[in-house]
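A short write-up of the structure that comes next.
Derivation of every value follows stated rules applied to the coordinates shown; laboratory data play no part. Every value quoted in this text rests on a predicted model; they were computed, and no experiment measured them. All Cβ positions, glycine included, derive from the backbone under ideal geometry; neighbour counts span all protein chains shown.
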Amino acid sequence: MLGLPYIKFIYILNILNKINKKILCFILEKKLFIIKGVNQQETLWYNVVGFPHNHSYNKGSSETTCDITYNFYEYYNLMPEHKKKINKKFLEWFIGFTEGDGSFIVSKNKVYFDITQNLNDVQVLYYIKKELGFGKVLFRTEKDRNVAVFYVTSKENFTRLMAIFNGNLSTKYKKEQFRVWLDTYNKQYGVNLIFKDKLVKPCLFSGWISGFSDAEGCFYGRVKSCLTSRLRRAPHLTFQVSQKEIYIVKTIRDIFLDIDTNNSDLKNIKYDKGWDGWTFHCSSFTKLKVIRNYFSRYELKTKKSLAFKKWCKIHDMVLNKEHLKLEGLNKIDLLTKDINKIYKLKI
């Protein structure tokens, strides 16, 4: 057990976090997990009893953790019996992925839930089914293309989804869609679940951005003309994420570029009137290091993970200055074409 001084120290950090102060990163012996440096309401996660740092809660254990970002305690009590522990990292990813590609559907006063993917990414739906321990996957034709759909049925499973999403969403649009979904669920089943009207702010220490990027992000690479280069060509790497909601696009921009959240400028953000949406893009090799480190820790689950690996290889080659030689530049050119082929398969 931790001594009284350590308990007081944790309490002080908790207070500082609540008043939106910036906290440095501490490591307190082996019994305390790393307390991440956070800005404003970003994640502060710590372990007061030496809990393993795989972010899991084991059933039947007397150990407890303090997580002041996501709250999965209600879901813990509703999990399928054959699931022995909560995979917090997965749930964060799942929420982000759902906010990008999932649907809280209301039709004829009944609730439905599904996530639709191209057949080339059907494996991610089976991954979700396995991790949740419930749900089904079907195949259907939709708008002249064949797709796979993960869907949920029964009051019991809808209740589990309520516990996962209620109070844990990060986009304003999905939160309001969920509000209507929950209200319909209450009327459909004659219950009175309370809607938690709050947003969780994404950060570098949760899997939410990874899930959201699996749905709405892209890793691009190309070799383009460059008059200042000896070879007259240079590699160009880009990470981008798109969404109609400017709030969440700007939030992700602020996190990756370490920009003050009170800054209202739209640097690295573009508006596309063609689909009435916003895109955050980053091509700075220095800033891309932060993005790369994040996705190396919180891995992508769709075919975009293949694009990311090739994207990282290009990044390494540029950092090692291999692009300054013709042989290296040609290899990079081939890798960028491989990345484009991966995205073509997803169409």
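Descending by average beta-carbon neighbour count within 10 Å, the peptides 237-243, 139-145, 69-75, 149-155 line up as 237-243, 69-75, 149-155, 139-145, the highest first.
For the pair residue 325 and residue 293, how long in nm is the line joining their label points, each one 7 Å along Cα→Cβ? It is 2.9 nm.
Highest mean first, what order results for 162-168, 172-178 on Cβ atoms within 10 Å?
Working: 162-168: 20.6, 172-178: 17.9.
Ranking, from highest mean packing down: 162-168, 172-178.
Do any of 84/304; 85/198; 89/196; 143/344; 198/270; 270/325 go past 24 Å between their Cα atoms, and which? Can you show the working numbers first?
Numbers: 84/304 30 Å; 85/198 26 Å; 89/196 22 Å; 143/344 17 Å; 198/270 27 Å; 270/325 34 Å.
Long pairs (Cα-Cα over 24 Å): 84/304; 85/198; 198/270; 270/325.
Of all aspartates and glutamates in the structure, those lying under 14 Å Cα to Cα from residue 172, and not within fewer than 8 positions of it along the same chain, are 99, 197, 245.
Mind sorting 226, 282 by how few other Cβ atoms lie within 10 Å of their own Cβ, fewest first?
Details: 226 13, 282 20.
By the 10 Å Cβ count, ascending: 226, 282.
Rounded, prolate or oblate for the stretch 229-314? Axes are the square roots of the Cα gyration tensor eigenvalues, ordered a ≥ b ≥ c, and the cut-off for rounded is a/c under 1.5. Prolate, since a/c reaches 1.5 and a/b exceeds b/c.
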